[in-house]
Amino acid sequence: MTTDKSKRQPVGLVIEHLTKIFGGHVKAIDDISLTVQPGQMVSFLGPSGCGKTTTLNCIAGLESPDEGLIRVGDFVMTDTSRKLNLRPEERGLGMVFQSYALWPHMTVHDNVAFSMRLHKTPAPEIKRRVSEILELVGLGKFGDRYPFQLSGGQQQRVALARAVVTEPPLLLLDEPLSNLDAKVREQARVWLRGIQKRLGITTVYVTHDQAEALAMSDMIAVISQGKLVQYAPPTEVYENPASRFVAEFIGATSFLTGSLVERSGEWARVRLPQIGEVKLRADRGPRNAVHDWSPNVPVTVAIRSERVQVVHDGNGPSDNTFDVKVAESAYEGARWLHMVETPVGTLRLETLDAAPDHHLRLHLPPDSLFLVPE
């Protein structure tokens, strides 16, 4: 078993015009095309029912698409134009399910060795590979234990070891961390990403957790209602969302309505009723946010609430600064979450301190604002 990515050549994944229709009319996947570069970790991100797991299942061969092509390296696994759709066992891919799907009557060693025995791998080779991969995932001394004797995090590691022990060309992960508690889940993100980088294996990761996708991915495929609405690196998805849906789904975003004053190069000024003019970046956010840059055109301003600054004791910039009334507050330990009322909408805000007298003075940094379609 080789665990050094420099000694193995990862391969890419190509999906072209993938479509899956259920019941003759429901498009679970609607013409999705994307390319995953060799060794990358790509997250399929979206709300429940958006089509991300169905897409993963088509890659795995668990679902048969109505149209499209799926290729891993030079190996075509699905091509509906040729009526080609290989069975899951013919694809040789690794997969970790949400439930881990471990055999309860088998030891950790035997769970990991299961697929190798199906392929009639010689016993000495099985012993060597299983031992090596268990060491890699931090379970070198757990080979004789049974799944019920392990924690959720340890079971997840066994499932991953089983998926990669045969050195598959592609690893598929279907929300593998969702059954872990919050603290263990955060630790598992770091551990799982580290293993993926060390193995150098091309990986597709399905999740509905935005923070998880941002922290773990080389690229994020945002899916909504079966459509691929943005495919870009995490920083691009966050800083320049392709649509209002992406802006709202990724990160803590609030929206205020106003009218355009002017645009000058990469900057614009917008008038918010009873607040005044605010300056913002005109070159960020969805490209179709504004079709007409004429004065007084109605616009919607998106605000990343984590970048809003609280002004204390009258200090701070005068531009993009205004007073608000706090409607609701919740203490979350490391921070306070506030819902503040403005004349043009409700703003979600996080601060380190409580809001004295239920009032705050806020500054909106210009680069924290961008326009989205109404």
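The values are calculated or read from the model by the stated rules, or taken from the named source; none is laboratory data. From a predicted model like this one, the values you see are computed outputs, not experimental measurements. Reconstructed Cβ throughout: ideal geometry from the backbone, glycine too, with neighbour counts over all protein chains shown.
What to note about this one:
- Yes/no for Pro241 being of a type outside the set (D, E, K, R) and within 18 Å of Ser368 (Cβ to Cβ): yes
- Here the condition is being over 29 Å from Ile133 (Cβ atoms) and not in a loop (DSSP other than H, G, I, E, B); of Ile15, Ile32, Ile70, it holds for Ile32 alone.
- Restricting attention to the stretch 55-67, the residues being touching a helix residue (DSSP H, G or I) at 6+ places or on another chain (Cβ under 9 Å), buried (at least 23 other Cβ atoms within 10 Å of the Cβ) and assigned to a helix (DSSP H, G or I) number 1.
- Among the candidates Gly143, Gly153, the residue that is assigned by TED's automatic domain parsing to the domain that holds Ala215 and not in a helix (DSSP H, G or I) is uniquely Gly143.
- The stretch 346-374 residues that are in a loop (DSSP other than H, G, I, E, B), paired with ones that are among the charged types (D, E, K, R) (beta carbon under 7 Å, 6 or more apart): Leu352/Arg335; Pro365/Arg307; Pro373/Arg244
- Apart from one condition, Thr321 fits all of (1) crowded, with 19+ Cβ neighbours inside 10 Å; (2) within 15 Å of Leu360 (Cβ to Cβ); (3) modelled with pLDDT of 85 or more; the exception is (1).
- Top-ranked residue of the stretch 296-338 - restricted to ones that are closer than 26 Å to Gly285 by Cβ and of a type in the set (Ser, Thr, Tyr), ranked as nearest to the chain's Cα centre (by Cα): Ser305
- Only strands (runs of 3 or more DSSP E) whose full extent lies in the stretch 244-306 are considered here, and the ones with at least 2 residues that are of a type in the set (Ser, Thr, Tyr) are 253-264.
- Identity of the residue in the stretch 175-225, of a type in the set (Gly, Ala, Ser) and farther than 30 Å from Asp31 by Cβ, that ends up surrounded by the fewest Cβ atoms within 10 Å (Cβ to Cβ): Ala182
- Within the stretch 168-217, the set of residues being modelled with pLDDT under 90 and closer than 29 Å to Glu90 by Cβ comprises Pro176, Leu177, Ser178.
- The requirement of being without any contact (Cβ under 8 Å) to a residue 40 or more places away in the chain, within 24 Å of Val36 (Cα to Cα) and in the same structural domain as Pro233 (by TED's automatic domain parsing) is fulfilled somewhere in the stretch 170-178, by at least one residue.
- So Lys52, is it surrounded by fewer than 19 Cβ atoms within 10 Å (Cβ to Cβ) and either farther than 30 Å from Pro147 by Cβ or touching a His at 6+ places or on another chain (Cβ under 9 Å) (or both): no
- Cβ separations smaller than 7 Å between residues 6+ apart or across chains give the following pairs from the stretch 202-214 residues that are farther than 16 Å from Leu56 by Cα to residues that are among the aliphatic types (A, V, I, L, M) and assigned to a strand (DSSP E or B): Gln210/Leu45.
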